[in-house]
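Accompanying notes for the structure given below.
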Amino acid sequence: MQNGFKVITLCGSTRFKKEYLEAQKRLTLKGYIVISVGLFGHSGDEDVWKPGVKEMLDRMHLAKIDMADGIFVVNVDGYIGESTRREIEYAKEHGKTIEFLE
């Protein structure tokens with residue numbers, strides 16, 4: 001927690017940009033500090049696919065999970081991809097709370 005606010009990191013496929021933004025807004029209004037992704041590679045942010053960038057962003061996202069009390073998984077229609085599964089396992093291993101959109 002930071003100054004009495006729970007910190008939560010959003011996880012999920014970046015194809016769900018709209019749902020990410022909605023979750024960020026909803027959780028912020030509930031009083032959470034929300035950490036999100038910086039780029040949405042599966043929603044058109046082409047910089048993600050430059051050499052070395054995706055790997056760096058994946059490592060950075062684990063650091064964001066480390067900074068948080070828990071994660072919120074944006075799993076539209078129940079979809080959880082390989083990267084998100086790794087993030088969920090990482091969060092479990094590090095004692096983080098895990099909540100799901102669906």
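Can you pull the percent of the chain's accessible area that's carbon plus sulfur, 1.4 Å probe, other chains left in place? Summing carbon and sulfur atoms, their accessible area is 54 percent of the total for the chain.
With both residues required to sit in the chain, DSSP beta bridges show an antiparallel share near 10%.
Expressed as a fraction of 2.2 N^0.38 Å, the value expected for a compact globular protein of N residues, the C-alpha radius of gyration of the chain is 1.02. In terms of Cα atoms, the Rg and Dmax of segment 1-60 work out to 13.1, 40 Å. Rounded to the nearest 20, the Cβ-based charge dipole of the chain about its Cα centre (Lys and Arg +1, Asp and Glu -1) stands at 240 debye.
Using a 1.4 Å probe, what is the accessible area per residue for the chain, in Å²? Present the calculation step by step, with values, prior to reporting the outcome.
On the way: 6090 Å² over 102 residues.
Accessible area per residue: 60 Å².
The values are calculated or read from the model by the stated rules, or taken from the named source; none is laboratory data. Every value quoted in this text rests on a predicted model; they were computed, and no experiment measured them. For neighbour counting, all protein chains shown are included, and Cβ atoms are generated from backbone atoms with ideal geometry for every residue, glycine included. For accessibility, only protein heavy atoms count, side chains too; no ligands or nucleic acids. Shrake-Rupley method; radii C 1.70, N 1.55, O 1.52, S 1.80 Å.
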